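Below you'll find the structure, written out as structure tokens, and then a few comments.
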């Protein structure tokens, strides 16, 4: 599946939650998806317009009092069917293009100090990301337990077609947290690998 097709389906999936503007979608990507999925802001509006042209979404102008006019996009029945067909299919394997692994592989003929420097820098970077993810996980766990969600999560809940009761809010936020857990476990594996490499290289 091409990158363009994946972008189409990703935006359809977000619109299946609630109607949004292009800016709303970009903000949601930055808040909730950026650790595993990213979209170029310049591609969001052309993609939304293409979805409208193909009948997968519809557009209306929001000229609410006190607000600048903006286009609000919502998913159509055709778009819902397209999204549901796609989400039930097996996912493509992650694309492999890892600069760290490439550098480490190519450092094999260089002084050991070079390899160690590469791994130390990578470990430091990954540890910083892990700390950030762990903080976010703690916030989400507390939010689910107390039904008290941070502003960025409440923004996702607001405007959905069906009001969410406590159980549905907890379920949706739980999915957010478990997605984050995937990232946490992946980073913990990378840190373990870094430690093995440093031990092999004699630190």
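What follows draws every value from the coordinates through simple rules; no lab data is involved. No experiment lies behind these values; they were computed from the predicted model shown. Glycine also receives a Cβ, built like all others from the backbone with ideal geometry; neighbour counts cover every protein chain displayed.
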Practice item. Would you mind computing, in nm to one decimal, how far apart the modelled labels at residue 102 and residue 199 are, each placed 7 Å from Cα along Cα→Cβ? Key: 3.0 nm
Check your understanding: How far, in nm, would the chain grow between residue 31 and residue 192 when pulled straight, counting 0.36 nm per residue and subtracting the alpha carbon separation?
Key -> 55.2 nm
Revision key, fill the gap. Exposure proxy check on 35, 182: fewest-to-most Cβ neighbours within 10 Å is 182, 35
Practice item. Using only alpha carbon pairs under 8 Å that are at least six residues apart, calculate the relative contact order of the chain and give it in whole percent. Key: 21 percent
Revision key, fill the gap. Note: the stretch 120-203 at 4 °C, 1.567 mPa s; Kirkwood Rh on alpha carbon pairs; Stokes-Einstein D in µm²/s works out to 88 µm²/s
Practice item. Read through the labelled values (i) 20.9, 66; (ii) 22.9, 74; (iii) 18.8, 56 and report the label of the one computed as Rg and Dmax of the Cα atoms in Å from the structure. Key: (i)
Check your understanding: Is it possible to state the helix-based mean residue ellipticity at 222 nm for the chain, with each DSSP H run of 4+ residues giving -39500 (n - 2.57), the sum divided by total residues, to the nearest 500 deg cm²/dmol? What is it?
Key -> -21000 deg cm²/dmol
Point to revise | Share of pairwise Cα separations in the stretch 3-87, more than 17 Å, in percent | key: 43 percent
Study note, to complete from the structure: Counted neighbours (other Cβ, 10 Å), sorted fewest up, put 119, 139 in the order 139, 119
Check your understanding: Which angle between 0 and 90 degrees, to the nearest 10, do you get for helix 3-15 versus the longest principal axis of the chain when only C-alpha atoms count?
Key -> 50 degrees
Check your understanding: In whole Å, how far is the Cα centre of the stretch 85-119 from that of the stretch 180-203?
Key -> 13 Å
Point to revise | Principal-axis tilt of helix 112-146 within the chain, Cα atoms, nearest 10 degrees | key: 40 degrees
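Taking the number of other C-beta atoms within 10 Å as the exposure measure, put 198, 177 in order starting with the fewest.
Fewest to most other Cβ atoms nearby, the residues stand as 198, 177.
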